[in-house]
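Notes to accompany the following structure.
The values are calculated or read from the model by the stated rules, or taken from the named source; none is laboratory data. Computed from a predicted model, the values in this text were never measured in an experiment. Glycine gets a Cβ as well: all are built from the backbone with ideal geometry, and neighbour counts include every protein chain shown. Protein only, heavy atoms only, side chains kept; ligands, DNA and RNA dropped before computing areas. Shrake-Rupley method; radii C 1.70, N 1.55, O 1.52, S 1.80 Å.
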Amino acid sequence: MIIRDKTNSFKLLFAWHGTILPKVFAALLVVVLISAVLVYLAARHFVTVPEVPAIGFTIFGVILSIFLSFRNTACYDRWWEGRKLWGSLIANTRHIIRDSYVLEDQARQVIIYRVMLFTHLLRDRLRSKANSFDHYRTQVKFSDDQWQTLMNHLNPPQYVMEIMQKDLATLYKQGHISDIIYTGLTKHTIALGDIHAGCDRISSTPLPFSYSVLLHRAVYSFCFILPFSLESSLGIWTPVIVALIAYLFLGLDALSAELEEPFGEQENDLPLDSIVRNVEREMLASIGEELPPVIASHKSNLS
């Protein structure tokens, strides 16, 4: 996710890194070149291109704007819901830190490390990655069979929650914790499960493919028709105006495609690495362990 000072309007105006411009620059350049060539040929009277009827072009633009607005709203809602889910995850890890003080030190430390492992595994599941977490093996107190099952499990974060819940139930049955304590800690594991399910829902259910393709094609068709519609009325200003209009439409199309998948590793996606590291630092601080360094932004991009 891009972290940038927004108070400097001049820098924002000429910003390149982290903007949508690099992704649409090639298409934008083609549209501008078409405009420039068309203006040149018309000025030299080498060719006379029939003007696109204004009424049809206007209706096309209005309809396209409405659908682009709808798609961008839907994609931003997905991005914002993903951020709210990870915000709830942070809140629940803090609740676990406080509520787990009723447990014995050893049992509390195991739960803390298991929650940290859960956040790592959830991030990797959403990003379709498979990192090694062997350094957690001794802290989470998994048996060899459990660890092997975790490595091959269809849903590793869910398996960690299963083991956590199972061990809490064992502590309750053995009389080490009361039913009130068991219910309170179970509430947090249920909340983590709900967050997991919500993230899976966003990750596994993109916007309908046919809808995205239709809108994408419509945007590019509109932008490539622009010079033929505006040249006769704008003259030499055609490339400039076409560039501005095309940048708006192409940029909105590209931005919505980027926000549609909020858990990825593109520049405007959620900084899951940083969120997981902050959770890890807070939980380690609660048990007096050494803290890993904060993840710093690279070229204003926080991963």
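Miscellaneous remarks
- Filter pass, Arg108 being in contact (Cβ under 8 Å) with a residue 40 or more places away in the chain and more than 21 Å from the chain's Cα centre (by Cα): yes
- Some residue of the range 194-211 being open to solvent by 80 Å² or more (accessible area, probe 1.4 Å), within 22 Å of Pro262 (Cβ to Cβ) and charged (D, E, K, R): yes
- Of all residues in the range 149-181, those being among the polar types (S, T, N, Q) and under 27 Å from Arg201 (Cα atoms) number 5.
- Some residue of the range 153-167 being in a helix (DSSP H, G or I), modelled with pLDDT under 90, open to solvent by 20 Å² or more (accessible area, probe 1.4 Å) and not hydrophobic (A, V, I, L, M, F, W, C): no
- Where Tyr113 falls short, out of the listed (1) closer than 21 Å to Arg137 by Cβ; (2) under 21 Å from the mean Cα position of the chain (by Cα): (2)
Quick grid of which residues meet (1) closer than 30 Å to Leu168 by Cβ; (2) over 19 Å from the mean Cα position of the chain (by Cα); (3) surrounded by fewer than 20 Cβ atoms within 10 Å (Cβ to Cβ):
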position: Asp77; (1), (2), (3): no, no, yes
position: Ser88; (1), (2), (3): yes, no, yes
position: Ser100; (1), (2), (3): yes, yes, no
position: Ser143; (1), (2), (3): yes, yes, yes
position: Gln146; (1), (2), (3): yes, yes, yes
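- Close pairs from the range 173-192: first farther than 15 Å from Ala107 by Cβ, partner open to solvent by 90 Å² or more (accessible area, probe 1.4 Å) and modelled with pLDDT under 95, Cβ under 9 Å, at least 6 apart: Asp179/Tyr172
- Residue that is most open to solvent (accessible area, probe 1.4 Å), among those in the range 252-292 that are part of a loop (DSSP other than H, G, I, E, B) and under 20 Å from Ile97 (Cα atoms): Glu290
- Counted residues, the range 102-135 - those being open to solvent by 70 Å² or more (accessible area, probe 1.4 Å) and under 24 Å from Gly184 (Cα atoms): 4
- Every residue from the range 39-58 that is surrounded by 11 or more Cβ atoms within 10 Å (Cβ to Cβ) and either modelled with pLDDT of 85 or more or outside any helix (DSSP H, G or I) (or both): Val49, Glu51, Val52
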